[in-house]
Structures are given as C-alpha cells and as structure tokens.
C-alpha cells in the first residue's frame, strides 16, 4: 500500500513517513491536492493551522471528499483529524466534511494540551494489540466535536473529548501516533492493515 | 482515568554536530552522536528530547540540520530544537528537517512579533519560547545571547506576554541554578507557572531525582528538563520515572 502524506508546506513529515514505512506501507509526500485526491491511501499529518492546511487542499476539495467517501482509506492526525470535519473555530472556511461536526477550542486551564495522556478505547480494530488506557502524545489546542457516532476513544483534559474516531476506512486521531513510541507505531500498523482490508 | 502525565526531558547540548557536556559553555567534551543518544534516551522512556545548539550561531548550518534529520528518522517521541534561531525562515527550516518544536529566545525578545508569525503559520504547539532568567532584587530578569546580556525585562511579565503573542510552551531556565546541580529554582518556576496558561518546562539545576520531584510538585512545572544526570549515567530516565511514580507523580510508564 502506498500512503500519500499531505504536505501543507510546514512541519516535520519525516517521523510520520518513517512510521508508515515501519507499518509496512510505502510513504510518499505530496503538496499537490490533485495527487492527494488520486492517492491509494491518504494521511493528513498534524502540523500547522486549519486555515493554512485547507488552503493547500481547497483546489481539489471536491475530488478529495469524493475519494474518501468512495472508500479511499484516510488517516487524519491532530490538525489532520480536524480537517476531516466540517469546520473549525480556529479559522474561517470549510473543512473536508467527510465527518460530521466541528473542531472547537479546548476549554482547559492550560492550553495547548501538551504531553502524554491516556486513551480509553472501545477495542476497535484501530486499537488492536493496544492496552486500555495506554498513553499517547498530544499537542493540541482544539478538539473535535462529532455530531455522528464515530468516537472510538476518549481522553480527559479539562473535559472528555474524542481522541480517536472512525467511519469505515476514514480514521482520525487527536494524538500523534508517530510521536507516541511503540503504541503509536502499532496504531499506524493497524491503520495500514485496515486500509488493505486485512484487519 | 488519570490526567496528563508530567514529562521528563533529557537535553542534549549539540556543538558542531556532536553532543557535548560541560558546565554551561566551558570545558566541553564530546560525548556522542546526537541520533544515538536521542534513541538511547527514547528507549529509556524519555517523553521528549531537546537539542540545544550551544554555539547558538549555527542554526543555518547543515551539520545541525543533518543531525536533526538523522534523528527524526529514528525518533518516535517529540524533538525540540533550539539555540541561535533568528528568523521565521530558521524556524521553518528546522521544522522541515524533522524538529517537532523550535525554541526561540534572543530573537523573540528582539522581535516579539516573530512568535505570532510562527504560531500562525506552524501552530502554537511548535513554538517554544526559552526564557533565561536571573535573580534580581524582588524578581528575575530575562537574559539573552546565551545569558550574556540583560534585557531589562521581568521574566514573569515576559512569560505572560509571550503567551498572549502565541507561544505554546515556555522553557524556563534559571541561570543562577544552571550547572550548579543543587536543585531547580522552585520559586521562579512556580511564579511563572501560576502566571501563564501554557505548559512550563523547568530547566537548570538538576542534580538528583529529588530535585525533579520537587520542581514537578512544589514548583508545579509540567515537565522537567535535565542534562548531566542522564549524560553521566547517574540515573536512567526509567530510574527517575520509577521514583516519581512511587511519590505519586503521574508519569508515562513504559519500562
């Protein structure tokens, strides 16, 4: 499986690319939204700001939405999870909207939510082999508020929020699996297996 | 469910592409290759790694960028790089080669708008403002240029200001305690933690595990940075975490 990692022009893409390779995928990086729309598997990485990321994707937003709705596997990480939803309080303008709901500013005494926090999951295939309450690395100021039943896991910080979601082969995680040591690499491997239809 | 864990962050001082140790900037000796040491600490359970370019002038240098790139390919915990970052373009380049966060100090004091510019482009979570603070009568003063120049700014006030400008984290170093190994400046740390709404990493003065316990509990820091206790193999990161867990401080348990 070849996973295309979207390049918004900012941030570290080395760790996610290496993480996907360890998970058995081939990783390619692209900043061309039309390439993204034609990808076999799409990874939306978790660096940057909502508005800037959507600016890169916008020229082919309809094609990308159609591809994901049509079953192309997608994984959104942190900000990448938020762009899968309809909108965000961070910036004006629409998201891809393959998941219903929006991203809202995290209401907690100390923001960003930065560091390792527990993930309580429902034993979905995305979490196969990952123990309950395993800690993953977070670095987020916004959280997703879905309006459909897609939540796989919750994490507590100020409030309980969905730390992972999935609808078919569309997955989103608020934490950074590529920065979460062995459990993170396991999650990436689970995602690739789901994408290949072997999970 | 417990909440967010406290982070233990080994700091690697890098000069000309190699990790060095010594008291602050004097008597430096090479101790190893940045990727090798970073991966060693990752395996011990480090929650994050910090690279600090101690020459503070080589940020554009390909040697440091190559070290960051090589490290990022093998490191699956976050990497912060700092020292000598002068511009928006320096930050962008360092993120591109594999840093997850970039720390700015002198350039932020000289041009506070840089903080906002970086936060808007890369997200606040990438922007760490490093504050080197030195005790004065009744407070602490911010120093720049690797601690050699006073900025005449109050450290607590500056910490509040950088948060408003968009910083996502503060790396707070006590210049009085740094290199002395007799404990972090608890009062400074707590004063900054209570004044701001972003996470604070305490730095400077760590000599024993008890010092880390103190700064995370009494000092209220979100994370503790240490260099020499790890470099001299006095303790492994796992040893530190075991002690913290015994004292009831929430840590990521991985060993």
Single residue of the stretch A:103-117 satisfying the filter (outside any loop (DSSP other than H, G, I, E, B) and surrounded by fewer than 21 Cβ atoms within 10 Å (Cβ to Cβ)) that is farthest from the other protein chains (Cβ to nearest Cβ): A:104
Some residue of the stretch B:111-123 being closer than 21 Å to residue B:172 by Cβ and within 16 Å of the chain's Cα centre (by Cα): no
Candidate set from the stretch B:214-250 (those that are touching a strand residue (DSSP E or B) at 6+ places or on another chain (Cβ under 7 Å) and within 13 Å of chain A (Cβ to nearest Cβ)); member that is nearest to residue A:157 (Cα to Cα): B:222
Condition broken by residue B:157, with the remaining ones in (1) more than 14 Å from chain A (Cβ to nearest Cβ); (2) surrounded by 19 or more Cβ atoms within 10 Å (Cβ to Cβ); (3) over 16 Å from the mean Cα position of the chain (by Cα) satisfied: (2)
Elements of type helices (runs of 4 or more DSSP H) contained in the stretch B:171-242, each with 2 or more residues being crowded, with 24+ Cβ neighbours inside 10 Å and in contact with a helix residue (DSSP H, G or I) (Cβ under 9 Å, 6 or more places away or on another chain): B:186-195, B:209-217
Criterion (in contact with a helix residue (DSSP H, G or I) (Cβ under 6 Å, 6 or more places away or on another chain), surrounded by fewer than 21 Cβ atoms within 10 Å (Cβ to Cβ), modelled with pLDDT of 95 or more and more than 14 Å from chain B (Cβ to nearest Cβ)) met by exactly one of A:129, A:97: A:129
Qualifying residues in the stretch B:140-154 (those that are touching a strand residue (DSSP E or B) at 6+ places or on another chain (Cβ under 9 Å) and loosely packed, with under 14 Cβ neighbours inside 10 Å) - the one farthest from residue B:20 (Cα to Cα): B:152
Residue in the stretch A:187-194 that is within 14 Å of chain B (Cβ to nearest Cβ), surrounded by 21 or more Cβ atoms within 10 Å (Cβ to Cβ), touching a helix residue (DSSP H, G or I) at 6+ places or on another chain (Cβ under 6 Å) and in contact (Cβ under 8 Å) with a residue 24 or more places away in the chain present: yes
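Table: residues versus (1) in contact (Cβ under 8 Å) with a residue 40 or more places away in the chain; (2) in contact with a helix residue (DSSP H, G or I) (Cβ under 9 Å, 6 or more places away or on another chain); (3) surrounded by fewer than 24 Cβ atoms within 10 Å (Cβ to Cβ); (4) closer than 21 Å to residue A:139 by Cβ.
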position: A:24; (1), (2), (3), (4): yes, yes, yes, no
position: A:29; (1), (2), (3), (4): no, yes, yes, yes
position: A:32; (1), (2), (3), (4): no, yes, yes, no
position: A:37; (1), (2), (3), (4): no, yes, yes, no
Residue that is modelled with the lowest pLDDT, among those in the stretch B:27-36 that are in a strand (DSSP E or B) and in contact with a helix residue (DSSP H, G or I) (Cβ under 9 Å, 6 or more places away or on another chain): B:31
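Quick one: which residue in B:165, B:172 is away from chain A (no Cβ under 14 Å), within 19 Å of residue A:139 (Cβ to Cβ) and either at pLDDT below 95 or over 16 Å from the mean Cα position of the chain (by Cα) (or both)?
B:165
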Complete set of residues in the stretch B:185-204 that are within 15 Å of residue B:135 (Cα to Cα) and over 13 Å from the mean Cα position of the chain (by Cα): B:185, B:186, B:187, B:188, B:189, B:190, B:191, B:192
Qualifying helices (runs of 4 or more DSSP H) (wholly inside the stretch B:37-153; at least 2 residues being more than 14 Å from chain A (Cβ to nearest Cβ)): B:62-72, B:106-110, B:113-122
Single condition residue A:159 does not satisfy, out of (1) within 29 Å of residue A:40 (Cα to Cα); (2) away from every other protein chain (no Cβ under 11 Å): (1)
Test set (1) in a helix (DSSP H, G or I); (2) in contact (Cβ under 8 Å) with a residue 12 or more places away in the chain - residue A:85 fails condition number: (1)
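The values are calculated or read from the model by the stated rules, or taken from the named source; none is laboratory data. Since the model is a prediction, treat every value here as computed from it, not as a measurement. Neighbour counts are summed over all protein chains in view; Cβ atoms, including those assigned to glycine, are modelled from backbone coordinates with ideal geometry.
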